[in-house]
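The values are calculated or read from the model by the stated rules, or taken from the named source; none is laboratory data. Computed from a prediction, not measured in an experiment: that's the story for all the values here. Every residue, glycine as well, gets a Cβ built from its backbone with ideal geometry; the counts of neighbours run over all protein chains shown.
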Amino acid sequence: MAREQPAPPAKLVMGIMYADDHIFARTTYTLIQKFGPIQLNGPTIPFAFTKYYEEEMGASLKKTYIAFMQTIQRESLPSIKQFTNTIEQRFSREGKRTVNIDPGYVTEHQLVLASAKEHPYRVYLNDGIYAQLILVYTKQGWVSVEKTFADYQQKEVQEFLTNVRKTF
């Protein structure tokens, strides 16, 4: 019989989608105030994988990826997502978001993101927040799962995540 053990800490990562560089700078500043210094900056890529966000956030969206210096306890993911939701609301204009923040964590084995939306492939955590397994790390590198978002399948994003994984 296996004995219960606390989960090892994980690296806090975020994907941040935006069109306005000023909003991105304000968002990043707010995140640093809450979670501490950024350890690694990932790529900034054009977000042209879907038109889902265009009506709300406009065209010419970009997405960048960051990893924080500090590790987190995995069970803190719901409160982190709630905090990022408040940032999204703070920077909204006329009820529309100007920034979309996807918090998650990287472990030795996986990338997990938080969401406030229920879907069949998400697991409920608590306080209205769900977790979604996005990528699994194997001997061959990162492997997508059925509902992996297109941006996380990009080589440069996976290279960033590999570098995050190496910081443990």
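Residue 66 is checked against (1) over 22 Å from residue 161 (Cα atoms); (2) in contact with a Leu (Cβ under 9 Å, 6 or more places away or on another chain) and fails just one. What number does that condition carry? Condition (1) is where residue 66 drops out. For the range 73-100, filtered to residues that are in contact with a helix residue (DSSP H, G or I) (Cβ under 7 Å, 6 or more places away or on another chain) and assigned to a strand (DSSP E or B), the residue that is nearest to residue 153 (Cα to Cα) is 100.
The set of residues from the range 128-168 being loosely packed, with under 14 Cβ neighbours inside 10 Å and among the hydroxyl-bearing types (Ser, Thr, Tyr) comprises 138, 162, 167. Considering 98, 162, 148, 107, the condition of being touching a strand residue (DSSP E or B) at 6+ places or on another chain (Cβ under 8 Å) and modelled with pLDDT under 95 is satisfied by 148 alone.
A count restricted to the range 94-127 and to residues that are surrounded by fewer than 14 Cβ atoms within 10 Å (Cβ to Cβ) and without any contact (Cβ under 8 Å) to a residue 24 or more places away in the chain stands at 7.
For the range 45-82, the set of residues classified as surrounded by 15 or more Cβ atoms within 10 Å (Cβ to Cβ) and among the basic types (Lys, Arg) consists of 62, 63, 74, 81, listed by residue number.
Here is a yes/no grid of residues against (1) part of a strand (DSSP E or B); (2) among the β-branched types (Val, Ile, Thr); (3) under 14 Å from the mean Cα position of the chain (by Cα):
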site	(1), (2), (3)
29	no, no, no
40	yes, no, yes
45	yes, yes, no
52	no, no, no
56	no, no, no
60	no, no, no
64	yes, yes, yes
68	yes, no, yes
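For first residues located in the range 13-25 and over 20 Å from residue 51 (Cα atoms), partners that are of a type outside the set (Lys, Arg) and not in a strand (DSSP E or B) and lie 6+ apart or on another chain with Cβ distances below 7 Å form the pairs 13/164; 14/31; 23/91; 23/98.
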